[in-house]
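*Asks:* Mind looking over this structure? Questions follow.
The values are calculated or read from the model by the stated rules, or taken from the named source; none is laboratory data. These figures come from a predicted structure and were not determined experimentally. Cβ atoms come from the backbone with ideal geometry, glycine included; neighbour counts cover every protein chain shown. Accessible surface areas use protein heavy atoms only, side chains included; no ligands, DNA or RNA. Shrake-Rupley method; radii C 1.70, N 1.55, O 1.52, S 1.80 Å.
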Amino acid sequence: MRNRPVILYLIATAAVFAACLLSCRHIDNSEYTEAGVSKLLATYRQATISDVHYSLSFSIEEGRESPITGIVVIEFNLSSKREPLVIDFRVPDDHLKTLTVNGKPCEAILTGGHIIIDGSLLSGSFNRIEIVFRAGDLSLNRNDDYLYPLFVPDRASTTFPCFDQPDLKAIFSLTLELPPGYRAMSNSPVTTTDTTDDGRTILRFAETKPISTYLFAFAAGKFELIKKEINGVTMEMLHRETRPEYIENNIDEIFRLHYNSLRWLEEYTQIPYPFDKFGFVLIPPFQYSGMEHPGSIYYRASSLLLDPSPTLNEQLSRASLIAHETSHIWFGDLVTMKWFDDVWLKEVFAGYMADKIVTPSFPGINHNLRFLLSRYPAAYEVDRTRGTNPIIQELGNMKDAGSLYGAIIYNKAPIVMRQLERLAGEDNLRKGLQIYLKEYSWSNARWDDLVAIIEKVTRKPLEEWSRMWVREAGMPVITPLIAGDNGYRISFREDDPAGTLRHWPQTLSTMVITADDTLTGELTPANRRSYITSSELPRCIIPDTSGTAYGTFIFDTATAVCLTKHINDFHDSLLRGILWINMYENMINGTVTPADFCTTAFKTLETEDDLQLRNYLAGRFSSVYWNYLPDSARRITAPDAEAMIWHKISSAETPSEKRQWFSFFRNIVITGNGLEQLKNIWQSAELPGDVKLSEDEQCTLALTMEIKGYPGAEKIIAAQRERITSGDRLQHFDFVVPSVSPDSAVRDAFFNSLRDPARREHEPWVLEALGYLHHPLVADRSEKYILPSLEMLEEIKSTGDIFFPGSWITTTLAGHHSPEAKATVEKFLDDHPDYPPDLKLKILQAADHLIRQQASGNRQL
Ligand SMILES: [Zn+2]
C-alpha cells in the first residue's frame, strides 16, 4: 500500500467498509446480485479480487446477424470465498454455452445478468475460469461490413463475461478471427497474423497494460489503414472515407494535431506516453464525437474529416476534440475514477488540458470568449432547470452510470475547475496533478484524493468551496439592490431557487455606469457590507465583467433598457459575450422580452465582426425566432432577416463565412422568396461566389425544403438521392427522409419503427430525424409522438448509449410549446410516481421551456 498520510482518514474509511464487508455474516443478497453492478457488489469484488487477466477470442462473421462466438479465460486472485463469485454477463440465456472453473466443467446458468459461482468451486488464491459464449450484440455496433464495440460505461458485460466495474483494472489478451478483407485495431499492437485455409484472418494482439473494462476496444471491418511517423512517434488510423480529397485535405493536420497533443501532455504531466501504441479509428455514424480507448481512440469521421474550406470554429473544434481525447490517455485511462460518480473528473481534466493545448495554435482567437461561449450557455441550460444535478452525483449501480453524463459535467465542471485554478494558482494545480497522476498510475482515484493533494500543495482549505460548487446542484439568482439614502449604494442579493439558504462562495467584478462616471469594485453577493457607492442613479449595472462568475444575473429595469440600446457600444468582445449570455437568461426569466431580444440581436448581427460572438448570436437568434416569437411576429421579422443574411452570404469574403451565413439562412427561411433562393442553391449546389456545397450540406438542404413545405420538395429529395456518392451516406439519407414526409402515415410508420432498438443503432441519425419530426413549424402534427417517446425512455436507457436518453427527450420536446405538450409531460410524471429519478431529471431538464413559459404566461406560439 502506498504511503499517503494526508488522506489517511479516507483509507481508514475504505478499509473499515471493506473489513465490514468481509466480516459481516450476511451481505444483503438482493443488492449483491441485483441487475447491473451494485456499489455493494463492486466494493466487495474490489476488496477480494486482484490481478485480473482476460484472454479473449472472438470469431467474427460478416454482416449484422450471424452470431459472433467467443471464449474467455479469466484468471485472477481471490482473497475471500465467503460470498459467491459474481461475473457479469448481460445477454440472452442461450448465449452462455459452457463454464469451466479451475478445470472442472460446471453448470452454466445466467441469473439476472450474472454468472454466480459458489465459493466451494474456487480457490482462496489463484483461479482460472473458462467460458464459451455467444457475444451479445447490444454494444457491438454491427454493420454489414464493420463493427465497433463500445463498452463505456458498463457495456463490456453485454458482450463478454467480465467484472464490469472501473476499479478492477485488468490485462487483456485478444485474438480475433475475421472475414477476408477485414482489418482491425485494438488497444495494443498486433503480434501475429495468420490466414486460415478458407481465407479468414487470425489476429493476435499483445497483452494490454492494466485497463478498465470500459476502455477495452476493438474495431474490425472493411477499413483503410494510414500510418504516419512524426519525430519517432508512430501513429495509425483506420477509416472508411471514399472521397479521396477528404483524406488528402485533412490527413496531415489530423496526425499533426495528435502528435502535438501527445508531446504537450508528456511535458505537462512529466509522464511519457504510457501505452504501447497510438492509433485511432474514424467511424462514420459514431455516437459521440470521440471515445478515448487507449491505443484505439474512436472518432466520428465527420468531426475530423472536415469539409472543404472549414470554418474557424470547425477547425478549432477538431483541434479541441483531438486534444480532449488524447488528454484522456493520462486523465481517465492511466488514472481512472474509482466509481462512475467521479466520471466528471476525467472529463473536466480532458477539457481543461484541451483548452491549454489548442490555445497557442489559434492566436487570432479570444480564448476567454471561446471558453465563456462554449461553457456558460450550455451549463445554464441545465442548471436553471428543476432537473439539474450536482457535478458529483450519487450512483448506486453501474447500470445507471450513463445518466451521469450531461451538460453539468461537460460545461459546469470546467467553469468550476477554473475557479480551482484561480484558488490554487496555475502552477500549484499543475504540481498537484503531477503528484496525483504519479501516485495513482495504473490505478483508480476519487475527487477527494485529488482535493487532499491540492490542499497539501497549496495549504489552503478547499472543503467548503468543493461542497457548494461540486456537491450541490443549481446556481444562485443574483439581483442588484440599489439603496438610496445617502447617494446610491449598489450591492447584490443572492437567492437560492431551491428555496433554501445556500450561499455560493464567489466574488463579482462589478461595473456601475452612471451619466458621468464608470465605477468598479469586487463585490460579494449577499454581503450587505460589500457594495459600490455612487452619487448618481446607475444607468447600467453589470454584475460581473470578468467572465468567471456563475449564476442567473437579473437586470434591473434601467439596465435592461440600457443594454438593449447600447450593448454594441462596449468595445471588449468578452464583455459583450458576458452581456449577451446574461441578456438571454433575462429573456428566459421575463426581464427582457423576446421581441426586444430579437431586435437587438438582429442589429448586432448586421455589424458584429467577432466571429465567435456572431455564431453564438446566430444560434440564439434562431432559437428565440422559432421558440419564443409568436407566429405573427416571426412572419413580420422574416423578410428583413432573410434579406440581411442573404446580403451577408453574397458579400462575405471567405468560403467558410459564406457557408456559415448560409446555414443560418437555411435555418430561418420561411418566405416564398427565401424558399426559391434555397431551391436555386440546391439546384446549382453552390453559394454565390462559386462556393461548392458538400454532399452533406446538399442533403440537409433538400430535407429542410421538405419540412418547410416547398412545393415539389419530394422531387428534390428524389434527385438528391441520385447525387449521393457513398453507400454509408445513402443509408443515412434514406433513414432520415421519412421524418420530413408530408404524409402522416409515412411519419407514423417511421416513428413506430423506432420502437425497435435495432432501428436506433445509429443514434446521430435518429436525433437528426427527431429534429425534423418535431420541428417547430410542424409541432402540432408531431405532438402525438410525445407520450410514446416518454414511454420508451426507460427502454432506451437500457439499450442506448450514454447521451442518448437525454438527447432523445430533449430533441423530442425542443420544438413544442403548446399547453397540451406541457400537460402530456406533467401527466406522464404524475402517472409514474416511482419513475427512475435519473430519467425524471432528464425529462425536467428537457421540459423546462414548457414549464417556465407557461408559468410566466408569455407563451405565444
Ligand atoms: Zn471525454
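*Asks:* Within segment 380-389, can one find any residue that is under 21 Å from the mean Cα position of the chain (by Cα) and either within 16 Å of the ligand (Cβ to nearest atom) or of a type in the set (A, V, I, L, M) (or both)? Break it down into steps so the answer makes sense when it comes.
*Replies:* So in segment 380-389, the residues under 21 Å from the mean Cα position of the chain (by Cα) come out as 380-389.
Those still in the list that are either within 16 Å of the ligand (Cβ to nearest atom) or of a type in the set (A, V, I, L, M) (or both) too: 382.
Yes.
*Asks:* So, Pro360, is that one over 19 Å from the mean Cα position of the chain (by Cα) and in a helix (DSSP H, G or I) or not? Don't jump to the end; show me each part of the working.
*Replies:* Working: over 19 Å from the mean Cα position of the chain (by Cα): yes; in a helix (DSSP H, G or I): yes.
When the stated conditions are applied, Pro360 passes them.
*Asks:* Can Ile796 be described as farther than 26 Å from Cys699 by Cα, part of a helix (DSSP H, G or I) and among the β-branched types (Val, Ile, Thr)? Steps first, answer last, please.
*Replies:* Values: farther than 26 Å from Cys699 by Cα: yes; part of a helix (DSSP H, G or I): yes; among the β-branched types (Val, Ile, Thr): yes.
When the stated conditions are applied, Ile796 passes them.
*Asks:* Here are some residues: His258, His239. Which one is crowded, with 18+ Cβ neighbours inside 10 Å, within 16 Å of the ligand (Cβ to nearest atom) and either over 30 Å from Leu395 (Cα atoms) or among the β-branched types (Val, Ile, Thr) (or both)? Steps first, please.
*Replies:* Details: His239 fails: within 16 Å of the ligand (Cβ to nearest atom).
Criteria check complete, one pass: His258.
*Asks:* While we're looking at this one, here's another question. Filtering segment 45-67 down to residues that are in a helix (DSSP H, G or I) and open to solvent by 10 Å² or more (accessible area, probe 1.4 Å), which residue is farthest from Leu176 (Cα to Cα)? Break it down stepwise before answering.
*Replies:* Pass one, segment 45-67, residues in a helix (DSSP H, G or I): 45-48.
Now restrict to residues that are open to solvent by 10 Å² or more (accessible area, probe 1.4 Å): 46-47.
On the way: Gln46: 29, Ala47: 32 Å.
Among residues in segment 45-67 that are in a helix (DSSP H, G or I) and open to solvent by 10 Å² or more (accessible area, probe 1.4 Å), the one farthest from Leu176 (Cα to Cα) is Ala47.
*Asks:* Check segment 206-213 and report whether any residue there is assigned to a strand (DSSP E or B), modelled with pLDDT of 95 or more, closer than 26 Å to Ser57 by Cα and in contact with a Leu (Cβ under 8 Å, 6 or more places away or on another chain).
*Replies:* No: segment 206-213 contains no residue that is assigned to a strand (DSSP E or B), modelled with pLDDT of 95 or more, closer than 26 Å to Ser57 by Cα and in contact with a Leu (Cβ under 8 Å, 6 or more places away or on another chain).
*Asks:* For Ala219, which of the numbered conditions (1) open to solvent by 30 Å² or more (accessible area, probe 1.4 Å); (2) out of contact with any Gly (no Cβ under 8 Å at 6 or more places or on another chain) fails to hold?
*Replies:* If we test Ala219 against (1) open to solvent by 30 Å² or more (accessible area, probe 1.4 Å); (2) out of contact with any Gly (no Cβ under 8 Å at 6 or more places or on another chain), just (1) comes out false.
*Asks:* Scan segment 172-196 and report the pairs whose first residue is without any contact (Cβ under 8 Å) to a residue 24 or more places away in the chain and whose second residue is open to solvent by less than 60 Å² (accessible area, probe 1.4 Å) and of a type outside the set (A, V, I, L, M, F, W, C), with Cβ atoms within less than 8 Å and a gap of 6+ or a chain change.
*Replies:* Pro180/Gly199; Pro180/Arg200; Pro180/Thr201; Thr193/Thr201; Asp194/Thr201; Thr195/Thr201; Thr196/Glu177
*Asks:* Which residue, of Ser302, Ser317, is more than 13 Å from the ligand (Cβ to nearest atom), small (Gly, Ala, Ser) and closer than 28 Å to Gly577 by Cα? Steps first, please.
*Replies:* Numbers: Ser302 fails: closer than 28 Å to Gly577 by Cα.
Criteria check complete, one pass: Ser317.
*Asks:* Can you name the residue in segment 261-283 that is of a type in the set (Val, Ile, Thr) and farther than 30 Å from Ser139 by Cβ and, of all such residues, is farthest from the ligand (Cβ to nearest atom)?
*Replies:* Let us first name the residues in segment 261-283 that are of a type in the set (Val, Ile, Thr), namely 269, 271, 281, 283.
Add one more test, that the residue is farther than 30 Å from Ser139 by Cβ, and what stays is 269, 271.
On the way: Thr269: 17, Ile271: 19 Å.
Per the stated criteria, the residue is Ile271.
*Asks:* Related question: Contact list please: Cβ distance under 7 Å, first residue in segment 795-816 and without any contact (Cβ under 8 Å) to a residue 12 or more places away in the chain, second residue open to solvent by 10 Å² or more (accessible area, probe 1.4 Å) and not in a loop (DSSP other than H, G, I, E, B), pairs at least six apart or on different chains.
*Replies:* none
*Asks:* Something else now. Give Arg386, Arg375 a once-over and let me know the one that is in contact with a helix residue (DSSP H, G or I) (Cβ under 8 Å, 6 or more places away or on another chain) and in a loop (DSSP other than H, G, I, E, B).
*Replies:* Values: Arg375 fails: in a loop (DSSP other than H, G, I, E, B).
Unique residue meeting the criteria: Arg386.
*Asks:* Right, here's the next one. Which one of these is assigned to a helix (DSSP H, G or I) and within 16 Å of the ligand (Cβ to nearest atom): Lys438, Lys412? Full working, then the answer.
*Replies:* Values: Lys438 fails: within 16 Å of the ligand (Cβ to nearest atom).
None of the other options fit; the residue is Lys412.
*Asks:* How many residues are open to solvent by less than 40 Å² (accessible area, probe 1.4 Å) and away from the ligand (no atom under 16 Å from the Cβ) if we restrict to segment 347-369?
*Replies:* Going residue by residue through segment 347-369, those that are open to solvent by less than 40 Å² (accessible area, probe 1.4 Å) are 347-355, 357-358, 362, 365, 367, 369.
Subsequent filtering for residues that are away from the ligand (no atom under 16 Å from the Cβ) retains 362, 365, 367, 369.
Residues in segment 347-369 being open to solvent by less than 40 Å² (accessible area, probe 1.4 Å) and away from the ligand (no atom under 16 Å from the Cβ): 4 in total.
*Asks:* Tell me whether segment 321-338 contains one or more residues that are more than 23 Å from Lys277 (Cβ to Cβ), open to solvent by less than 10 Å² (accessible area, probe 1.4 Å), more than 15 Å from the chain's Cα centre (by Cα) and away from the ligand (no atom under 14 Å from the Cβ).
*Replies:* no
Rundown of residues vs (1) among the aliphatic types (A, V, I, L, M); (2) open to solvent by less than 50 Å² (accessible area, probe 1.4 Å); (3) at negative phi, yes/no style:
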| site | (1), (2), (3) |
| --- | --- |
| Ala473 | yes, yes, yes |
| Ile482 | yes, no, yes |
| Ile490 | yes, yes, yes |
| Ala498 | yes, no, yes |
| Ser509 | no, yes, yes |
| Asp516 | no, no, yes |
| Ile541 | yes, yes, yes |
| Gly547 | no, yes, no |
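*Asks:* Look at Glu394 and say whether it is modelled with pLDDT of 95 or more, open to solvent by 30 Å² or more (accessible area, probe 1.4 Å) and away from the ligand (no atom under 16 Å from the Cβ).
*Replies:* On the way: modelled with pLDDT of 95 or more: no; open to solvent by 30 Å² or more (accessible area, probe 1.4 Å): yes; away from the ligand (no atom under 16 Å from the Cβ): yes.
No, not satisfied.
*Asks:* Within the set of pairs 6+ apart or on separate chains, which have a first residue in segment 281-304 that is of a type in the set (Phe, Trp, Tyr), a second that is crowded, with 21+ Cβ neighbours inside 10 Å and in a loop (DSSP other than H, G, I, E, B), and C-beta atoms under 6 Å apart?
*Replies:* From residues that are of a type in the set (Phe, Trp, Tyr), the pairs are Tyr298/Phe286.
*Asks:* Report, by residue number, each residue of segment 284-298 that is farther than 13 Å from His732 by Cβ and away from the ligand (no atom under 12 Å from the Cβ). Walk me through how you get there before you give the answer.
*Replies:* At the first step, the residues of segment 284-298 found to be farther than 13 Å from His732 by Cβ are 287-298.
Of everything in segment 284-298, those that are farther than 13 Å from His732 by Cβ and away from the ligand (no atom under 12 Å from the Cβ) turn out to be Gln287, Pro294, Gly295, Ser296.
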